Amino acid sequence: MSYEVKQLDKFQYIDEGKGEPLVLFHGLFGALSNFEDLIEHFKHTHRVIVPLLPLFGLDLLSTTVGGLQKYVNRFFEKLDIRDMHLLGNSLGGHVALVQVLKHPERIKTLILTGSSGLFENGMGDTYPKRGDREYIRKKTEFTFYDPKMATEELVSEVFEITNNRLKVIKIIALAKSAIRNNLGQELNGVQQPTLLIWGQNDQVTPPFVAEEFHKLIPNSELHFIDKCGHAPMMEVPGEFNVLLEAFLQKHKS
């Protein structure tokens, strides 16, 4: 990506455009590049901010959903971001939900896509197998409806992570934390207007998960995208951006 990654104290982030803040949280194997099409589209109407979540940068005891939430809360305070539209994919959605429940005052709307927090298939019981590139390819393809989305570059990124013992330990810690941190009993406390965009063919957080979020979050709307897996903003950015744009227009100051 051609965007400048800014550094403020220990925080790294992308900050593009002007307007109401649109903040994006990536998932467990996500990166800033997951949002390339989204940033390009919305930087003309919004201030698009993408913090790099420290998935491998926290000490082991803090490598939890709660630890990430505390990190992003400090980030919001440092940049003094208010009245934001907060979007999270996968684990990023889970972190966004915990943030909304703990500190709702800075958040105007919530957007979830393939979010954990209720149920997720994860990467399977035997994951991760170190050194088995073909296995990593299959697990990366599992994320998408179209296996061609699992490019050599993407497979290499995941393969590199899974070949690092400390990173593997932290991935497992985060995955277990996400399973333990079930928000089913708390979701009726989300007061913000909430947009749910889900892949109809999501195998990680299947469609029934989206329906459960819709049922439990009071002021929510749900849209499914056909022929789409766990990362709609990557796989079908055009359709994703149309849905998001309509929602943001509806809740514009």
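Within the stretch 59-93, the residues that satisfy the criterion of being farther than 20 Å from T113 by Cβ, among the hydrophobic types (A, V, I, L, M, F, W, C) and surrounded by 14 or more Cβ atoms within 10 Å (Cβ to Cβ) are F75, F76, L79, I81.
Each row is one residue, and each column tells you yes or no for (1) touching a helix residue (DSSP H, G or I) at 6+ places or on another chain (Cβ under 9 Å); (2) within 21 Å of D146 (Cβ to Cβ).
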{"residue": "A210", "(1), (2)": "no, yes"}
{"residue": "F213", "(1), (2)": "yes, no"}
{"residue": "P218", "(1), (2)": "yes, no"}
{"residue": "F224", "(1), (2)": "yes, yes"}
{"residue": "K250", "(1), (2)": "no, no"}
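Please tell me if A210 is among the small types (G, A, S), surrounded by fewer than 14 Cβ atoms within 10 Å (Cβ to Cβ) and free of Cβ contacts under 8 Å to residues at least 40 places away in the same chain. Spelling it out, it is not the case that A210 is among the small types (G, A, S), surrounded by fewer than 14 Cβ atoms within 10 Å (Cβ to Cβ) and free of Cβ contacts under 8 Å to residues at least 40 places away in the same chain. When K6 is tested against (1) open to solvent by 10 Å² or more (accessible area, probe 1.4 Å); (2) modelled with pLDDT of 95 or more; (3) under 17 Å from the mean Cα position of the chain (by Cα), only condition (3) is not met. Candidates K176, K252, K227: the one that is surrounded by fewer than 16 Cβ atoms within 10 Å (Cβ to Cβ) and over 22 Å from F35 (Cβ atoms) is K176.
Looking across F56, F35, F42, one residue alone is closer than 26 Å to A150 by Cα, surrounded by fewer than 17 Cβ atoms within 10 Å (Cβ to Cβ), of a type in the set (A, V, I, L, M, F, W, C) and touching a helix residue (DSSP H, G or I) at 6+ places or on another chain (Cβ under 8 Å). It is F56. Among the residues making up the stretch 209-253, those that are touching a Pro at 6+ places or on another chain (Cβ under 7 Å), outside any helix (DSSP H, G or I) and closer than 14 Å to L112 by Cα are N219, F224, I225. Residues of the stretch 9-42 that are over 17 Å from L68 (Cα atoms) and part of a strand (DSSP E or B): I14, D15, E16, E20, P21, L22.
Would you please name the residue that is most open to solvent (accessible area, probe 1.4 Å), looking only at residues in the stretch 185-201 that are farther than 12 Å from L101 by Cα and of a type outside the set (F, W, Y)? Looking at residues that are farther than 12 Å from L101 by Cα and of a type outside the set (F, W, Y), I get Q200. Would you check if there is a residue in the stretch 182-196 being under 24 Å from R106 (Cβ atoms) and β-branched (V, I, T)? Yes, because at least one residue in the stretch 182-196 is under 24 Å from R106 (Cβ atoms) and β-branched (V, I, T). Do the conditions hold for I14, that is, is it more than 16 Å from the chain's Cα centre (by Cα) and open to solvent by less than 10 Å² (accessible area, probe 1.4 Å)? Criteria not met by I14.
Conditions tested, residue by residue: (1) more than 18 Å from the chain's Cα centre (by Cα); (2) closer than 17 Å to Y13 by Cβ; (3) at pLDDT 95 or above; (4) not in a helix (DSSP H, G or I).
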position	(1), (2), (3), (4)
H44	yes, no, yes, yes
Q69	no, yes, yes, no
V72	no, yes, yes, no
E77	yes, yes, yes, no
L86	no, yes, yes, yes
L101	no, no, yes, no
K108	no, no, yes, yes
E120	no, no, no, yes
M123	no, no, no, yes
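Cβ-Cβ distances below 6 Å connect the following pairs, each with a first residue in the stretch 134-154 that is outside any helix (DSSP H, G or I), a second residue that is among the charged types (D, E, K, R) and surrounded by fewer than 19 Cβ atoms within 10 Å (Cβ to Cβ), and a separation of six or more residues or different chains: Y145/K227; A150/E141.
The values are calculated or read from the model by the stated rules, or taken from the named source; none is laboratory data. Please read these numbers as outputs of a predicted model, since none were measured by experiment. Counting neighbours? That spans all protein chains shown, and the Cβs are built from the backbone with ideal geometry, glycine included. Accessible surface areas use protein heavy atoms only, side chains included; no ligands, DNA or RNA. Shrake-Rupley method; radii C 1.70, N 1.55, O 1.52, S 1.80 Å.
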